[in-house]
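Scroll down for the structure; my scribbles are underneath it.
The values are calculated or read from the model by the stated rules, or taken from the named source; none is laboratory data. Owing to the predicted nature of the structure, the values given are computational and were not obtained by experimental measurement. Every residue, glycine among them, receives a Cβ derived from its backbone with ideal geometry; neighbour counts consider all protein chains shown.
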Amino acid sequence: MHGHKIVNQNALHFLTMTVVGWLDVFSRQAYRDVLLDSFRHCQQEKGLVVNAYAIMSNHLHLIAYTKEGYLLSEILRDFKKYTSKQIIKQIIENPKESRAEWMLRLFKYYAKNNNNNETYQFWQNDNHPVELSSPNWIFEKLNYIHQNSVKNGLVEQPEHYLYSSARQYLGQEGLLEVSVIDLGFTEGYVPV
């Protein structure tokens with residue numbers, strides 16, 4: 001569905017970004033690393049605060065907000081623009097990428113009906129933003145994000161999945177800086 005807009009730019013949001021055609025691009029570490037590096041840049045330079053995330057093979061989930069003076073929609077636009085260019089560049093330049101021809105053909109196919117893309121479209125247009133306004137809603141989305149890898153059969157426990165924030169909610173180190181949400185009534189939150 002298109003047309004979802006971020007109204008309150010500094011509010012806490014649940015977001016989903018999906019690769020066109022649900023292509024399993026992030027099955028390669030190099031492409032996941034592009035996402036992580038870009039998130040770090042947005043955190044350090046653009047006022048993005050990440051509260052939870054999971055990078056799956058063809059999409060990512062995020063709970064985040066921006067500091068005052070920054071616009072979440074602009075950060076997401078820049079993030080998607082940068083990551084799509086970097087990943088496509090890596091696909092083109094990597095002779096070992098066995099799926100390159102197939103992926104590039106599909107990225108071209110999706111771009112032909114989108115005036116915003118000249119050659120390739122990597123991300124679907126919408127981020128499916130949902131403003132999170134209650135502790136119960138936040139708790140539900142945290143569990144959804146952290147259970148994604150379990151439901152997809154990648155791990156048995158959420159904290160075992162390296163590309164999510166589940167381990168940080170258990171007080172462990174993670175790949176990306178996360179501001180853990182304290183919901184009060186969920187003291188001792190364990191991803192279930």
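Pick from Asn136, Asn143, Asn116: which is in a loop (DSSP other than H, G, I, E, B) and either of a type outside the set (A, V, I, L, M, F, W, C) or on the phi > 0 side of the Ramachandran plot (or both)?
When all the criteria are applied, what remains is Asn116.
Residues in region 66-77: is at least one of a type in the set (Ser, Thr, Tyr), buried (at least 20 other Cβ atoms within 10 Å of the Cβ) and under 21 Å from the mean Cα position of the chain (by Cα)?
Yes, region 66-77 contains at least one residue that is of a type in the set (Ser, Thr, Tyr), buried (at least 20 other Cβ atoms within 10 Å of the Cβ) and under 21 Å from the mean Cα position of the chain (by Cα).
Does region 181-188 contain at least one residue that is assigned to a loop (DSSP other than H, G, I, E, B), more than 25 Å from His41 (Cα to Cα), among the small types (Gly, Ala, Ser) and at pLDDT below 95?
Yes: one or more hits.
Looking at region 146-175 only, could you name the residues that are outside any loop (DSSP other than H, G, I, E, B) and of a type in the set (Phe, Trp, Tyr)?
Result: Tyr169, single match.
Picking from Gly153, Gly174, which residue would you name as being among the small types (Gly, Ala, Ser), free of Cβ contacts under 8 Å to residues at least 24 places away in the same chain and either closer than 14 Å to Asn51 by Cα or touching a Pro at 6+ places or on another chain (Cβ under 6 Å) (or both)?
Gly174
Residue-wise test of (1) without any contact (Cβ under 8 Å) to a residue 12 or more places away in the chain; (2) of a type in the set (D, E, K, R); (3) in contact with a Lys or Arg (Cβ under 7 Å, 6 or more places away or on another chain); (4) surrounded by 15 or more Cβ atoms within 10 Å (Cβ to Cβ).
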| residue | (1), (2), (3), (4) |
| --- | --- |
| Lys5 | no, yes, no, no |
| Leu12 | no, no, no, yes |
| Leu15 | no, no, no, yes |
| Leu23 | no, no, no, yes |
| Ser27 | no, no, no, no |
| Tyr31 | no, no, no, yes |
| Leu35 | no, no, no, yes |
| Arg40 | no, yes, no, yes |
| Leu48 | no, no, no, yes |
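In region 162-171, how many residues are of a type outside the set (Gly, Ala, Ser) and either within 15 Å of the chain's Cα centre (by Cα) or over 14 Å from Ala54 (Cβ atoms) (or both)?
Total meeting the criteria: 3.
Restricting region 78-118 to residues that are of a type outside the set (A, V, I, L, M, F, W, C) and in contact with a Leu (Cβ under 9 Å, 6 or more places away or on another chain), which is surrounded by the most Cβ atoms within 10 Å (Cβ to Cβ)?
Among those that are of a type outside the set (A, V, I, L, M, F, W, C) and in contact with a Leu (Cβ under 9 Å, 6 or more places away or on another chain), it is Thr83.
For region 1-41, what are the residues that are β-branched (Val, Ile, Thr), within 19 Å of Ala52 (Cβ to Cβ) and more than 12 Å from the chain's Cα centre (by Cα)?
Ile6
Yes/no matrix, rows are residues, columns are (1) touching a helix residue (DSSP H, G or I) at 6+ places or on another chain (Cβ under 8 Å); (2) under 18 Å from His59 (Cα atoms); (3) not charged (D, E, K, R):
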| site | (1), (2), (3) |
| --- | --- |
| Lys89 | no, no, no |
| Ile92 | yes, no, yes |
| Pro95 | no, no, yes |
| Phe107 | yes, yes, yes |
| Phe122 | yes, yes, yes |
| Ser133 | no, no, yes |
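Are there any pairs with C-beta distances below 7 angstrom linking a residue in region 114-138 that is free of Cβ contacts under 8 Å to residues at least 40 places away in the same chain to a residue that is surrounded by fewer than 16 Cβ atoms within 10 Å (Cβ to Cβ) and not β-branched (Val, Ile, Thr), with the two at least 6 apart or on different chains, and if so which?
Qualifying pairs under 7 Å: Thr119/Lys108; Tyr120/Lys108.
Can you name every one of the strands (runs of 3 or more DSSP E) wholly within region 1-88 that holds 3 or more residues which are of a type in the set (Gly, Ala, Ser)?
Correct list: empty, since no element meets the threshold.
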